[in-house]
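Reviewing the structure listed below.
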Amino acid sequence: MIDKDKIEKAVVSIIKAIGEDPGREGLVGTPRRIAEMYAEVFAGSYQDPKEELKVGFEEEHHEMVVFKDIPFYSMCEHHFLPFYGLVHIGYIPSGRVVGASKMARVVEIIAKRPQLQERLTTLIADTIVEVLQPQGVAVVVQAEHLCMTMRGIKKPGSNIVTSATRGLFRKRPATRSEFLALIQGKQP
Ligand code: ZN
């Protein structure tokens, strides 16, 4: 599990290292607050997203299902700064389906880890493939990275878009186009 005491000690060191006084009124509770926050935003490291999908149900549905605009917050593992945005998921069941709240939980668990957007995207797709064994899956993630917008190249509002396709979404351009049209709110 996450060792909050260790985080607390480390944050005291960081506060001293930047030349601040860890005993100052505004900073005195900061190490504990950061420890509590990390325990929350990295909770997904100790959870298995596959478990969420195991409660799906059998339904003779073989048409595309799209979950649009699932919000997420994650932490870039290179800078420990947030990146956040929206996930869009499409899949074509081979009988087994799940509800929107379960899909949102899969996204949340995978996002709450030291993460990269590319890995977040492929892991969501691969988790769905592994548990639901659908005919195809497509995942599109659009995100803003604070490590890019508040420092470094400083391009506010710049979005990174990543995608992963499996099965029919990879094989059939028409299926992929239908999904893209649906997430953009256009008539396919
Ligand atoms: Zn970063």
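The values are calculated or read from the model by the stated rules, or taken from the named source; none is laboratory data. Please read all numbers here as calculations on a predicted model, not as lab measurements. All Cβ positions, even for glycine, are placed from backbone atoms using ideal geometry, and neighbour counts span all protein chains on display. Only protein heavy atoms, including side chains, enter the accessible area calculation; ligands, DNA and RNA are left aside. Shrake-Rupley method; radii C 1.70, N 1.55, O 1.52, S 1.80 Å.
Using a 1.4 Å probe over the heavy atoms of the protein chains, calculate the carbon and sulfur portion of the accessible area of the chain as a whole percent.
That share works out to 55 percent.
Of Thr175, Thr121, Thr165, which has the largest mean-square fluctuation in a 10 Å C-alpha GNM of the chain?
Thr175
Number of Lys-Lys pairs in the stretch 38-176 under 16 Å by Cα, sequence gap 8 or more or different chains?
5
Could you tell me which of rounded, prolate or oblate describes the chain, using a ≥ b ≥ c as the square roots of the eigenvalues of the alpha-carbon gyration tensor, with rounded for a/c under 1.5 and, failing that, prolate when a/b is larger than b/c and oblate otherwise?
Prolate is the answer for the chain, as a/c is 1.5 or above and a/b outweighs b/c.
Quick one: length gained pulling Glu178 to Tyr46 fully straight, 0.36 nm per residue minus the C-alpha distance?
44.0 nm
Between Glu20 and Val129, what FRET efficiency follows from the Cβ-Cβ distance if R0 is 41 Å, with the result rounded to 0.05?
Calculated value: 0.30.
Taking only C-alpha pairs under 8 Å that are 6+ residues apart, what is the relative contact order of the stretch 1-123 in percent?
28
Measuring with a 1.4 Å probe in the full set of protein chains, what accessible area per residue, in whole Å², belongs to the stretch 3-152?
Ligands and nucleic acids excluded, the result is 51 Å² per residue.
What trypsin sites (Lys or Arg not before Pro) does the stretch 27-70 have in DSSP loop regions with at most 15 other beta carbons within 10 Å?
Lys54
Of Ser158, Ser177, which has the most accessible area and how do the rest follow, probe 1.4 Å?
Ser177, Ser158
Over the Cα atoms of the stretch 78-186, how large are the radius of gyration and the largest Cα-Cα distance (Dmax), in Å?
Looking at the stretch 78-186, its Cα Rg and Dmax stand at 14.8, 47 Å.
Got the relative contact order for the stretch 1-69 handy, in percent, Cα pairs under 8 Å and 6 or more residues apart?
Reported relative contact order: 32 percent.
For the pair Leu116 and Arg32, what calculated FRET efficiency results from E = 1/(1 + (r/R0)^6), where r is the Cβ-Cβ distance and R0 = 30 Å, to the nearest 0.05?
Calculated transfer efficiency: 0.55.
Quick check on the chain: helices-only [θ] at 222 nm, where DSSP H runs of length 4 and up contribute -39,500 (n - 2.57) each and the sum goes over total residues. Nearest 500, please.
Value at 222 nm, helices only, nearest 500: -12000 deg cm²/dmol.
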